[in-house]
Every structure is written in C-alpha cells, then in structure tokens.
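Just so you know, all these numbers are worked out from the coordinates, no wet-lab data involved. Since the structure is predicted, the reported quantities are computational estimates derived from the model, not experimental observations. Neighbour counts are summed over all protein chains in view; Cβ atoms, including those assigned to glycine, are modelled from backbone coordinates with ideal geometry.
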Amino acid sequence: MNAEFQATIELFPGYMRELLRYPPVSANELKNIPKQGIYIFYEDDKPIYVGRSRNLSKRFKQHSQQSSDHNSATFAFKIAKQDAAKEKVEIKKTREILQVDPDFLPFFNKAKKRVSEMKIQVIDIENAVEQTLFEVYAALELKTPYNDWRTH
C-alpha cells in the first residue's frame, strides 16, 4: 500500500473521535466554525449525510436557501427526489428540468427547509486529500443513508 495513503487513513479514527466529541447543534449555534472541513447533518439524532467544503458557512447556507438550485442544494435535492418518488411524482428527468418542474418543486423547497432545521457537527480538515478520503470514511462509518457517491 502507498505509504502516504496509509499514513492518511491512519488519521481517521482520531478525526472521527474529535468530530463526535461534541453533540450536534444547529448551524446558528456553531461557535468558531472552521473555514473548511467535514460536516455531518443529523435528523432525529441520527447522522444522515456527510459532506465537505472549503467554506463551511457558505455551504450550510447553500444547502438550505430557498434560492439554491440542484447544484448547490445537492443534499436537499436527494431528499426531494426520494420524497417525490414516494408520492409517485415522475423523477426520471434531468436535474435542470426536475428542479423547476411544478410537481417536483414543492418537494425540493420542503427539503431545503428540512435541511435548514437539521443539527450539524464539523471538523476542521485543511488538507484536500484528507478531506476527500475522510468524507467517505465518515459516511461509511456512520452509515449515512444519503451518501451514495454517484455523480450527477
């Protein structure tokens, strides 16, 4: 195994302990939010999505602003697709078309509101490689249902 890769993944159990050290809080309760890193969204005290960003404050807003589109509110878009499918709304359209579809749009707006009310945890990780790999590690470790690693 590549020595740099091995050294990087050996950091992850410690990162996970640090990340989970404090209880999840709402975005506006976060004190001294790091500029970049990994975040976890919680709903009903369960971790449901792990993400990463170079600008955490901006990213949290993008996930939940009503003006955000499918590229910036990706997590809410996933929730909306799942909810819309349960209600038999046709979701086999391009993301660009779906996000403005009058049958889908209420689900997307509701999902963005839902995300805005979730609790979060964050950890400051500056190194982009560590961020990338730890995002996957944390999602697998926490068994988050909305991380699927498919591209859009």
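As a length-normalised measure over Cα pairs under 8 Å and 6 or more apart, the relative contact order of the range 19-90 settles at 19 percent. Taking the fewest neighbouring Cβ atoms within 10 Å as the starting point, the ordered list for Asp148, Asp83 is Asp148, Asp83. In this structure, Lys86 and Lys35 have a Cβ-Cβ separation that, at R0 = 30 Å, corresponds to a calculated FRET efficiency of about 0.20.
A Stokes-Einstein calculation at 10 °C with viscosity 1.306 mPa s, built on the Kirkwood radius of the chain over Cα pairs, returns a diffusion coefficient of 98 µm²/s.
From its DSSP helices (H runs of at least four residues, each -39,500 (n - 2.57)), the chain gives a residue-normalised ellipticity at 222 nm of -13500 deg cm²/dmol.
Computed about the Cα centre, the dipole magnitude for the chain is approximately 420 debye when only Lys and Arg (+1) and Asp and Glu (-1) carry charge, each at its Cβ.
Each of Phe12, Gln62, Val136 was scored by the projection of its Cα onto the charge dipole of the chain, and the greatest displacement toward the positive side belongs to Gln62; charges sit on the C-beta of Lys, Arg, Asp and Glu.
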